[in-house]
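One structure is given below, encoded as structure tokens.
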Amino acid sequence: MFLSRLIYASRATEALSSTDVEQILDASRRNNGRAGVTGILIFSSREFLQCLEGSREAVNQTYARILGDPRHADVQVLDYREVDRRLFPEWGMHALAPAWLTRQRLLRYGERELFAPTRMSAGSALALLEDLARDPEAAATLAPPAAGVAGATTSPAGAILARLRAERPATAR
Ligand SMILES: Cc1cc2nc3c(=O)[nH]c(=O)nc-3n(C[C@H](O)[C@H](O)[C@H](O)COP(=O)(O)O)c2cc1C
């Protein structure tokens, strides 16, 4: 099996309600777990950054489904590669405390204090995800999705982070 990682960015097409976000997270939990796809979904300031990891077939099928979703547009692949191991070997749904996307972090990976992944280079997006994957405190600050939705609407640095965690899919390495 070829283990692949795809990172893309997109923009939400209209103000997403917490119900929309919950539906996206529900579909991800349902489908990704079955397909052995893991990763992370960050949403803030109306832009998404998602990392999908799994078998080449599963990652491509998942991305093809996501690409046609009318809830977002301007979908751009930032990076696609074969990898030896996953950055996010588990899947599940959590909201990131807005505090994680600090001004300092945003400026390190982007040109402005705004979370704007559609304007990030592949290198910056990967560096941000690697930073998140190795930051044990990020996991500690993960809150239920509803808290993240509230944070995202009130703060430009607010983020909904969907950490896709599974009971270790058999295919995970
Ligand atoms: C930003 C964004 C990220 C998404 N991520 C996933 C995902 O990781 N897995 C998934 O199955 N669906 C994801 N979806 C939803 C899909 O576009 C699609 O609605 C869903 O897969 C349909 O699933 P169903 O046929 O089981 O209802 C995402 C949608 C959006 C807008």
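Of everything in segment 4-35, what is more than 10 Å from the ligand (Cβ to nearest atom) and either assigned to a strand (DSSP E or B) or loosely packed, with under 14 Cβ neighbours inside 10 Å (or both)? Give them in sequence order. Give the derivation first.
The initial filter retains those residues of segment 4-35 that are more than 10 Å from the ligand (Cβ to nearest atom), namely 4-7, 14-15, 17-19, 22.
Selection gives S4, R5, L6, I7, E14, A15, S17, T19.
Does segment 45-57 contain at least one residue that is in contact (Cβ under 8 Å) with a residue 24 or more places away in the chain, touching a Pro at 6+ places or on another chain (Cβ under 9 Å) and over 20 Å from R29 (Cβ atoms)?
Yes, segment 45-57 contains at least one residue that is in contact (Cβ under 8 Å) with a residue 24 or more places away in the chain, touching a Pro at 6+ places or on another chain (Cβ under 9 Å) and over 20 Å from R29 (Cβ atoms).
Considering only segment 17-40, how many residues are under 18 Å from N60 (Cα atoms) and in contact with a Pro (Cβ under 9 Å, 6 or more places away or on another chain)?
Of the residues in that region, 7 qualify.
Somewhere in segment 8-15, is a residue touching a His at 6+ places or on another chain (Cβ under 8 Å) and among the aliphatic types (A, V, I, L, M)?
We begin by selecting, within segment 8-15, every residue touching a His at 6+ places or on another chain (Cβ under 8 Å); these are 10-13.
Remaining after also requiring among the aliphatic types (A, V, I, L, M): 12.
Within segment 8-15, one or more residues are touching a His at 6+ places or on another chain (Cβ under 8 Å) and among the aliphatic types (A, V, I, L, M).
Taking segment 36-74, which residues are touching a Ser or Thr at 6+ places or on another chain (Cβ under 7 Å), more than 8 Å from the ligand (Cβ to nearest atom), under 16 Å from M1 (Cα atoms) and not in a loop (DSSP other than H, G, I, E, B)?
Answer for segment 36-74, where residues must be touching a Ser or Thr at 6+ places or on another chain (Cβ under 7 Å), more than 8 Å from the ligand (Cβ to nearest atom), under 16 Å from M1 (Cα atoms) and not in a loop (DSSP other than H, G, I, E, B): E53, G54, S55, R56, V59.
Laboratory data are not the source of any read-out in this text; all were calculated from the coordinates shown. Treat the numbers as computed from the prediction; the structure is a model and nothing was measured. Here Cβ is always computed from backbone atoms with ideal geometry, including for glycine, and neighbour counts include all displayed protein chains.
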